[in-house]
Structures are given as C-alpha cells and as structure tokens.
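Okay, structure first, notes after.
Nothing in this text is a laboratory measurement; each read-out follows from the coordinates by a stated rule. Not measured: the values here are computed from a predicted model. Here Cβ is always computed from backbone atoms with ideal geometry, including for glycine, and neighbour counts include all displayed protein chains.
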Amino acid sequence: MNGLVIIFALVALLAVFSTLSALKNKNVLGILFGFGTLGIFGWFTIMTVIHNGYPGA
C-alpha cells in the first residue's frame, strides 16, 4: 500500500505540468480537467502520506 503514494504523487506532478501547459495554450477544458486531477490526486497523496506514512527505500 505504501507504493500507492508514489503513484499518486507522480500523477499529481503530471497534472501540474498538464495544467500549466493548458494555461499556456488557453485550453479551458484542459485547465478544468488538470485542476480537477490535481485536486483529487493531490488530496489522495496528502491523505495517504498522513495515514500510511511515506514509503521507505
């Protein structure tokens, strides 16, 4: 279950880059989905770290 936080964090980082790209291109639907993905997966990342802790190496 600890590897799940890594996947959530990677998806959240990709959402940041996609949102910035959509803002640059003035793509309204891309901005909407980018912020939505960032909000959901960012929240899942934070809650997984709080509940299960950060995975060890």
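A few points about this structure:
- Counted residues, the range 19-57 - those being part of a helix (DSSP H, G or I) and either touching a residue at least 24 places away in the same chain (Cβ under 8 Å) or under 16 Å from LEU4 (Cα atoms) (or both): 15
- Residue check, VAL16 without any contact (Cβ under 8 Å) to a residue 60 or more places away in the chain, part of a helix (DSSP H, G or I) and either in contact with a Phe, Trp or Tyr (Cβ under 6 Å, 6 or more places away or on another chain) or on the phi > 0 side of the Ramachandran plot (or both): no
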